[in-house]
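Accompanying notes for the structure given below.
The values are calculated or read from the model by the stated rules, or taken from the named source; none is laboratory data. From a predicted model like this one, the values you see are computed outputs, not experimental measurements. Counting neighbours? That spans all protein chains shown, and the Cβs are built from the backbone with ideal geometry, glycine included. Just the protein is used for accessible areas: all its heavy atoms, side chains included, with ligands, DNA and RNA removed. Shrake-Rupley method; radii C 1.70, N 1.55, O 1.52, S 1.80 Å.
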Amino acid sequence: MLVLRDLQKQYTKFRLGYLWTLLEPLGMSIVLWFVFSVLLGARALGLQPYLLFLSLAILPWWWFTKGVAASTRVFRRAGGQLRISLLPTELWVLRVLLVSMVEFLLSLPVVLIAMLVTGTWPGPLILLFPVAIVLQFLLMYGLSLLISAGSVVIPDLARIVRIVLRALFYLSPVLYSISNIPQQLQGVAALNPLVGVLGLYRIGFWPEEIESAAGYGISLALCLVILVVGIIVFRRIEPRILKEA
Amino acid sequence: MARQDLTRDLDAALAFESAGVRMPRRRRRRGDGRRQRLRRIAGEVRRDEVWRLRDATFSVAEGESVAIVGGKGSGREALLRLAAGTLVPDEGSVRRRLGVVPMIDVARSLVRGYTVRQNIYLVGGLLGMTPDDAGRQIESIAAFAGVESILDKYLGAAPPLVRQRLAWSITMATGSRAFAIEQTLIVGDRDFRQRCWTRVDEMRDDGVTFLLASDSPKQFRRFCDRAILLDNGHVVAQTSVPEALSMLRESRRRSSEPEPDDPDSTTDL
């Protein structure tokens, strides 16, 4: 649809800097790997090889933050266009989500680089990788609907979201693995839907992690709940959004 | 959710039934925002909204051209946006049998960073054209707007007049059977205006429906079959165009201020 066209156009602006989509997360992974693995020598943290382990979670994490952060601004940026648009309002949300997703997909070669460097290759469970992408997409779509609609009603939401995202970075198994968490807390951690999603990204390389399957189940179900809630809330707030346009 | 739910068996092109909509009052941003919020929390001010349009009941037959007469802040834009479905009524209902294309400051939706061609796709798409449609018509749109030579140049540098011409051409190319037009039915220089009139007259003869809100009595007289007079969000009268215009003049004379409404609403229209 037209949104895709629109997306392409947005992307032509960045294409010059495509290399950056690769370099940015790669650099980030290396820095974190250096700090945690070399400097601190924290063998207990995460799984080996740590570089690969990191890059597998950092890319989806970035997609997540960028998409969610952008969704707080969607309708302010749309401005006058909403006033004449006969297209469904959700498309605006979907559009920023797709843009961030394309960036994510384009940055995936970083994982390949990490695989080459560490000489680690995935097992058959890597087939769950696309599943993880789809799930994250659904989760983010639900969240974006919620947040974009919410930030029309509460303008301060953008700030709140930024803080929550930062906290979530440490609450999610990006730097560490779910198995690093004390047994008692693993149930609580499963309430974070990202736990399941990030777990699925990694499962192809560390199949032994599948033990916590029940935990994944919970967070996956949560993704769907958020999606449904997002859709419902968005429907209710839609008239408000149009008024503010 | 699709914006325009069409009612196929409606006997008019468009029907408002005691429709009303509340709009947030345009706040002077920043400034006393914090105090306002405090007061809202304290329950003094419930919500900073005003009724932009209330209890509007009327219908428009297919092929009619209706003038929406009223001063600034009388709810013209709200009415047009309700008609096009880019606003949802808070009470009452708006039903339409035809898809209504909103022509409300379309030029503002053009994106400077896109080429003219991309803008045609974008704005055409917003107004309900499919990419195929837009692609097929791109030549004729550009020709009408006189922008063939800059079709693949960025719009950024183009003067406002060109933007308006482009916006106009795209809107008319949607091939819709009904339009809700705010302010600028006819734009551009003399030559372009002439072509606009010709085109619009053709469309009227063809039975296309128009809702026109404007400040120009000339356009109303030239163009509209009848008028709906709005005052402060209420439909005051549905009469002939000359009568509505004289009523408007009358009410302006009565109220001492030339602009009879709250100053906040000026940006709204």
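For the range B:171-178, the criterion of being under 20 Å from the mean Cα position of the chain (by Cα), modelled with pLDDT under 85 and more than 12 Å from every other protein chain (Cβ to nearest Cβ) is met by at least one residue. Inside the range B:235-250, residues that are crowded, with 17+ Cβ neighbours inside 10 Å and either under 19 Å from B:Glu182 (Cα atoms) or not β-branched (Val, Ile, Thr) (or both) make up a count of 6. Of all residues in the range A:122-177, those satisfying the criterion of being among the hydroxyl-bearing types (Ser, Thr, Tyr) and crowded, with 18+ Cβ neighbours inside 10 Å are A:Tyr141, A:Ser144, A:Ser148, A:Ser151, A:Ser172, A:Tyr176, A:Ser177. Summed over the range B:105-117, residues that are crowded, with 22+ Cβ neighbours inside 10 Å and either in contact with an Asp or Glu (Cβ under 9 Å, 6 or more places away or on another chain) or more than 8 Å from chain A (Cβ to nearest Cβ) (or both) total 2. Somewhere in the range A:97-106, is a residue within 27 Å of B:Asp5 (Cα to Cα) and surrounded by 21 or more Cβ atoms within 10 Å (Cβ to Cβ)? Within the range A:97-106 (the criterion being within 27 Å of B:Asp5 (Cα to Cα) and surrounded by 21 or more Cβ atoms within 10 Å (Cβ to Cβ)), the answer is yes, since at least one residue qualifies.
When the range A:166-185 is filtered for residues that are within 21 Å of A:Ser55 (Cβ to Cβ), within 16 Å of the chain's Cα centre (by Cα) and assigned to a helix (DSSP H, G or I), the ones remaining, listed by number, are A:Arg166, A:Leu168, A:Phe169, A:Tyr170, A:Leu171. Screening A:Phe234 on (1) touching a helix residue (DSSP H, G or I) at 6+ places or on another chain (Cβ under 7 Å); (2) more than 14 Å from chain B (Cβ to nearest Cβ); (3) in a helix (DSSP H, G or I) shows it passes everything except condition (2). The residues listed here are B:Ile120, B:Ile150; of these, the one that is within 14 Å of chain A (Cβ to nearest Cβ) and more than 15 Å from the chain's Cα centre (by Cα) is B:Ile120.
When the range B:71-81 is filtered for residues that are facing another protein chain (nearest Cβ under 10 Å) and aliphatic (A, V, I, L, M), the ones remaining, listed by number, are B:Ala78, B:Leu80.
As a summary of the residue check, A:Gly204 satisfies the conditions (1) touching a helix residue (DSSP H, G or I) at 6+ places or on another chain (Cβ under 6 Å); (2) open to solvent by less than 20 Å² (accessible area, probe 1.4 Å); (3) at pLDDT 80 or above except for the one numbered (3). A:Val96 meets all of the listed conditions (1) more than 14 Å from chain B (Cβ to nearest Cβ); (2) in contact with a Leu (Cβ under 6 Å, 6 or more places away or on another chain); (3) over 22 Å from A:Phe53 (Cα atoms) but one, namely (2). Within the set B:Ala167, B:Ala178, B:Ala145, B:Ala173, the sole residue that is under 25 Å from B:Ser216 (Cβ atoms) and in contact with a Lys or Arg (Cβ under 6 Å, 6 or more places away or on another chain) turns out to be B:Ala145. Annotation: of all residues in the range B:140-163 being over 30 Å from A:Thr89 (Cβ atoms) and of a type in the set (D, E, K, R), the one that is surrounded by the fewest Cβ atoms within 10 Å (Cβ to Cβ) is B:Asp152.
Go through the range B:84-105 and count every residue that is more than 22 Å from A:Glu238 (Cβ to Cβ) and under 15 Å from the mean Cα position of the chain (by Cα). Lay out the reasoning, then the answer.
Of all residues in the range B:84-105, those more than 22 Å from A:Glu238 (Cβ to Cβ) come to B:97-98, B:103.
Within this subset, residues satisfying the condition of being under 15 Å from the mean Cα position of the chain (by Cα) are B:103.
Final tally of qualifying residues: 1.
B:Asp206 falls short on exactly one of the conditions (1) in contact with a helix residue (DSSP H, G or I) (Cβ under 6 Å, 6 or more places away or on another chain); (2) surrounded by fewer than 20 Cβ atoms within 10 Å (Cβ to Cβ); (3) modelled with pLDDT of 85 or more, and that condition is (1).
Scoring B:Gly125 on the criteria (1) modelled with pLDDT of 85 or more; (2) facing chain A (nearest Cβ under 8 Å) leaves a single failure, condition (1).
In this structure, does B:Gln137 turn out to be within 11 Å of another protein chain (Cβ to nearest Cβ), buried (at least 17 other Cβ atoms within 10 Å of the Cβ) and closer than 18 Å to B:Thr171 by Cβ? The answer is no for B:Gln137. Only one of B:Val94, B:Val88, B:Val101 is open to solvent by 10 Å² or more (accessible area, probe 1.4 Å), facing chain A (nearest Cβ under 9 Å) and touching a residue at least 60 places away in the same chain (Cβ under 8 Å). Can you tell me which? Answer to the selection: B:Val88.
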